[in-house]
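The values are calculated or read from the model by the stated rules, or taken from the named source; none is laboratory data. For clarity, every value in this text was computed on a predicted model and none was experimentally measured. Positions of Cβ are backbone-derived with ideal geometry, glycine not excepted, and every protein chain shown enters the neighbour counts. Surface areas here come from the heavy atoms of the whole protein model, side chains and all, with no ligands, DNA or RNA. Shrake-Rupley method; radii C 1.70, N 1.55, O 1.52, S 1.80 Å.
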Amino acid sequence: MKRFLILVFILILILEISSVFAEEKNPVEVLSSAWESEGRINFIATETNGMYMGGRLNITVSKVFALATGKFRREYLFPSFLAGDLLIDDGHSSYYYQPGRGLLTVGPSLYDPQHRDIHRKLLELIMKNYDISGQPDKFLGRDVTKICISPKNSKNILLALWIDNQTYLILKRERYSPDGKLQEYSFYTDIDFTTIPNERLFVWIKPRRDFRTVERREKFIPLEETKRKDTTLINLSLLQEKGYECISVKEVPRGIAYHFSDGINNIMFFDLQNLPPMPPSVRRITTDGIVYSYWQFDGMSGFAWSYNGRRFLIIGVIERDIIEKIIKRLR
Amino acid sequence: MRCNEVKRLLSAYFDRELPADKSIEIKEHLRSCRSCAKELESIEKIHRLMGAFPILEAGPYFESQIIERIESEKRKRRFSLGLKLAIGFALCGLMLFLITLRYLPSENVTLETTPVLNTYIQEYIETYSGHIGRSNPGLIVSVSSLGETSR
Amino acid sequence: MEEKEELLVEKAKKGDVLAFSELVRKYERYVLNLVYRTLGRSEDAEDIAQEAFVKAFLNIKKFKEESKFSTWLSKIVINLCMDKIREKANREENLEEGMWLTIPQSSYYSPEETVERLEIQERIKKAVMSLPEDLRMVFVLREFEDLSYQEISEMLDIPIGTVESRLYRARMKLRSLLKDLKTLEEVTEKSEM
């Protein structure tokens, strides 16, 4: 009898302890769930976005509607030159209508498979290159998990996400520069998870006013095809050493763009038929006999050079000496 | 003290830059004079409103860019010194040194763009939204508008 | 570990760029905003602020310990700004530019408040920028840097009486431009009701 009671006691103890651990959510799982739930939650909210560039803060405030079937609508409220602008993503295409400019820009949907692929790859790269930690927190009275993403062996947080425990919606996010300055943030307020937005909100209806249409065609080139044609650009080992991978290749005006990312930092590598005209204030630097143009603005660097009939342009957050090595290696 | 005299001194009174005796006089006057008290209020209000004046933040690479510019200035100066020494301390050598200093390119790096370059920069800025899968073209429009297109 | 300013300046005088960069970190926001408020342009405020720091480093041997480093630095910044003003005509700030907001990181405002605050900010900014340079310079140094009349007079090399009269005129001008404006506290109070 005694032994039986002791056994029961131990069992209860184990259950108690494991339930305590069950409260702590695994940060990687939380992040993955949040990633996967993009476009899979119904909600209506007000979204505020801020992005610092050039010492200046750009803000937008908009009303957003989302459907769990992968549809999205954004009505801009602020600033005044955006007020009245409308974005509708019906899962197949995106329509960005700017009544003030009489312009409609039609492009691919953010929920189409190619974009979802890129989205997924970014998560893989984050998990590969960065440390992910999580802790319980609260936002607007809701229980959330605050996920912090920082470089390995560094305490500096680059990306902080406040993920709703119940729906896995990212309620708030803050992106920081390597030296700890806030670069970008966004958050939702007045969130309504119960009302399901009407399907009509996600149907693009031509307005009565005059407007012109511009098509933003995004032509992705499958990576396997690119690998066959030109291995040097896709496998820039100097970038791979730093954890970057080429996650997409697409056609751009007058050339091809390779998107490299380490999950957080992005670099666009353009292989162009002609280099665009450079503004006069750009610096011209010579390395090992090759002259390249260089500018830096608020962390974003740009490099342009031509060699042996090929013309390259790089834009991103990357140190100049690495690019110089790449320039020399691409001979 | 008469009102128009007080009103002229209210700005300095607010800044506490008046000698003690004048301050006391004005304080007394303000107790009974509504119109001067209102003037002081408006100066106070302006002071409070300045609390809302926008504040700029330096970009993340502010310091490192300064260091780079300092280093390149040093290099330039070393170069000119070498030139001076090479040509000798003759007067024409000195003149050449001064002329060289004047015509060396300036290290001005600002974000002017040209329209085509701007489209490529926009491609880059759009990679930001890849993270969270939210589409905010309006934000990209307003950020991209910082690129002054030069002819 | 924060080194004392005198030590950093001493090192910088000997050519220690890293020590100087710590001084930069300390004063970067100050210099950036002084440039911004004096010139009224945001696009190249950072660039000009950098130029000022570079100038300061290259001339730091001339700095004498008797005066304050911040005063000496401010003079370099102001002189540079005056040069820029003389160099080219100031462009009008484009109305289409995005708005500005100082958001303390931990507090968030409702969208209605955000909009109202930003509009107030924009008006304040425009009003101050509409002041002629000589008045604006004095106003900025007094209202934002809390300098005494004596300090302002030293910094700009003008008599104290001029400082006083320019401040008076600046405030009178601003009063008429901003008299109907709500203060930010009033905005918050109203929405809390």
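For peptide A:259-267, how many partner chain Cβ atoms fall within 10 Å of a residue's Cβ, on average?
Working: counts 5, 1, 3, 0, 1, 1, 1, 7, 2.
For peptide A:259-267, the averaged partner shielding equals 2.
Annotation for the C:A interface, with buried accessible surface near 1700 Å², both sides summed [1.4 Å probe; non-protein components not counted].
Overall dimensions of the stretch A:24-215, expressed as equivalent-ellipsoid semi-axes from the Cα gyration tensor (√(5λ), whole Å, largest first), are 30, 19, 17.
What quantity of accessible surface, computed with a 1.4 Å probe and excluding non-protein components, is buried in total between chains B and A, in Å² to the nearest 100? Mind dumping the intermediate values first?
Details: alone 13070 and 19270 Å², together 27120 Å².
Between B and A, the summed buried area is about 5200 Å².
For chain A, the longest principal axis of the Cα atoms and the long axis of helix A:113-129 meet at an angle of about 70 degrees.
Can you give the accessible area buried between chains B and C, summed over both chains, with a 1.4 Å probe, in Å² to the nearest 100?
Answer for the B-C pair: about 4500 Å² buried.
Give me the percent of Cα-Cα pairs in chain A that sit more than 28 Å apart, rounded to a whole number. When all Cα pairs of chain A are counted, 54 percent exceed 28 Å.
So what is the accessible area of the stretch A:24-215 per residue, in Å², with the probe set to 1.4 Å?
Working: 8380 Å² over 192 residues.
With all protein chains present, the stretch A:24-215 gives 44 Å² per residue.
Computed over protein heavy atoms with a 1.4 Å probe, the carbon and sulfur contribution to the accessible area of the stretch A:56-145 reaches 52%. Counts of other chain beta carbons within 10 angstrom of each beta carbon in peptide B:26-35 average 0.
Here the stretch A:108-231 was treated as a single set of alpha-carbon atoms; its pair distances binned every 5 Å from 0 give 2, 8, 11, 14, 16, 14, 14, 11, 7, 3, 1, 0 percent.
With only alpha-carbon pairs counted, each pair once and no self-pairs, how large is the Kirkwood hydrodynamic radius of the stretch A:219-330 in angstroms? Its Kirkwood hydrodynamic radius stands at 14.4 Å. Within the stretch A:228-331, list the GluC sites (Glu not before Pro) lying in a DSSP loop whose Cβ has at most 12 other Cβ atoms in a 10 Å radius. Sites meeting the loop and neighbour criteria: A:Glu319. Taken residue by residue and averaged, Cβ atoms of other chains lying within 10 Å of the Cβ of A:77-86 number 5. Where does helix A:27-36 land angle-wise versus the long Cα axis of chain A, in degrees 0 to 90, nearest 10? Here the helix axis deviates by roughly 60 degrees. Shown for the stretch A:244-327: the carbon plus sulfur share of the solvent-accessible area, taken with all protein chains present and a 1.4 angstrom probe, equals 42%.
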